[in-house]
1. Failed condition for residue 103, given (1) free of Cβ contacts under 8 Å to residues at least 24 places away in the same chain; (2) over 19 Å from residue 369 (Cα atoms); (3) out of contact with any strand residue (DSSP E or B) (no Cβ under 9 Å at 6 or more places or on another chain), with all others met?
2. Are there any strands (runs of 3 or more DSSP E) wholly within segment 305-360 with 2 or more residues that are farther than 17 Å from residue 32 by Cα, and if so which?
3. All but one of (1) in contact with a strand residue (DSSP E or B) (Cβ under 8 Å, 6 or more places away or on another chain); (2) more than 26 Å from residue 4 (Cβ to Cβ); (3) touching a residue at least 12 places away in the same chain (Cβ under 8 Å) hold for residue 262; state the number of the condition that does not hold.
4. Is there a residue in segment 224-234 that is under 17 Å from the mean Cα position of the chain (by Cα), outside any strand (DSSP E or B) and closer than 25 Å to residue 390 by Cα?
5. Kindly establish whether residue 113 is under 23 Å from the mean Cα position of the chain (by Cα) and more than 18 Å from residue 73 (Cβ to Cβ).
6. Go through segment 170-208 residue by residue and tally those that are crowded, with 21+ Cβ neighbours inside 10 Å and either over 17 Å from residue 59 (Cβ atoms) or within 19 Å of the chain's Cα centre (by Cα) (or both).
7. Inside segment 327-373, can you point out the residues that are closer than 30 Å to residue 269 by Cβ, surrounded by fewer than 20 Cβ atoms within 10 Å (Cβ to Cβ) and touching a helix residue (DSSP H, G or I) at 6+ places or on another chain (Cβ under 8 Å)?
8. Identify, please: which residue in segment 235-258 is in a strand (DSSP E or B) and buried (at least 20 other Cβ atoms within 10 Å of the Cβ) and is, among those, modelled with the lowest pLDDT?
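The values are calculated or read from the model by the stated rules, or taken from the named source; none is laboratory data. These numbers were taken from a predicted model, which means no experiment stands behind them. For neighbour counting, all protein chains shown are included, and Cβ atoms are generated from backbone atoms with ideal geometry for every residue, glycine included.
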């Protein structure tokens, strides 16, 4: 899953931090050079804290540089589930935090002048079955009654106003959110953190963290740094450094293809308003027309290890089933990566072994990881007492150690649910 992606091929890394010497001591050592870690580093450095960001590969190498680039409100669960599980007041707060996460991304892009092709276009949530549209209707009533999120329902038979496909049964439109070039954004975050004074380190895999009298000793393959605090921001690439977290985060592969450039008029027929699109199946697909008129199409297509070539062929098949008019359009890029999700499909933050962590964004990481990185900086600098989502039960399975052996069974179950729902 490490083949060259469209994002990598169309972005420029201004700087490498592979030779940056590991400092002797810092206020905060951050494990993971993705959205969480870099957002935390930026905001901590702005407050005058000394920070070292320690990345196994290079900044933005993981999901932060591979995802679909969608900046969306909400969480993996709908509002009815959130209310039932956590109560109305907590659900409102969580939803408000998802809105704030989008505002955080937009603010950082504006303040740091990050050129990442941001498209402020909103989204279209497509109903794949008639029953799914009826559920959207019920969700819409909950949103209008209890949340400040105003959406517009698109009835069955009228979806061509949003989507050049007859494969849907209605949907909902929101003007909140949009899309960006994730690799340009994460590299822009890295440069912003660097300018603010954070110390960034590529090729600096952390091999051990040991508590000491004044904090921690963090050992990397390139040296050891003493830190008063440690932030874990590894998400779908969490490993044995933090076994307790690893047992609670499922690395789930997601795959993307990008086509050759389309004729602009043809692209407008496919997605007339250039919104971010995703569907209502458990095995969902997500797609968008990029600023250079290419179709980006992504989703979960295999629950066993798959090559980029095989996953690309499967995605291609699903894309042409939705858009028969795409037959003959060449696929130019195919790649994948791991997102992180918890067993309860919620974000999770908190403290473990004296270290702060923020993980498990379940596909909402562009906005939520950026936001929670900022919030981690507030906690670590003493400006806030508690993280959002802190205190939620963080479940695991007794036989799960970080290798998702059950995914083929889960895939079969979700295919069955999608077929009969």
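1. Residue 103 satisfies all of (1) free of Cβ contacts under 8 Å to residues at least 24 places away in the same chain; (2) over 19 Å from residue 369 (Cα atoms); (3) out of contact with any strand residue (DSSP E or B) (no Cβ under 9 Å at 6 or more places or on another chain) except (2).
2. Fully inside segment 305-360 and qualifying: 331-341.
3. Of (1) in contact with a strand residue (DSSP E or B) (Cβ under 8 Å, 6 or more places away or on another chain); (2) more than 26 Å from residue 4 (Cβ to Cβ); (3) touching a residue at least 12 places away in the same chain (Cβ under 8 Å), only one is false for residue 262: (2).
4. Yes, segment 224-234 contains a residue that is under 17 Å from the mean Cα position of the chain (by Cα), outside any strand (DSSP E or B) and closer than 25 Å to residue 390 by Cα.
5. The answer is yes for residue 113.
6. Adding up the residues that qualify gives 17.
7. Residues satisfying the conditions are 327, 331, 332.
8. Ranking the qualifying residues of segment 235-258, first place goes to 253.
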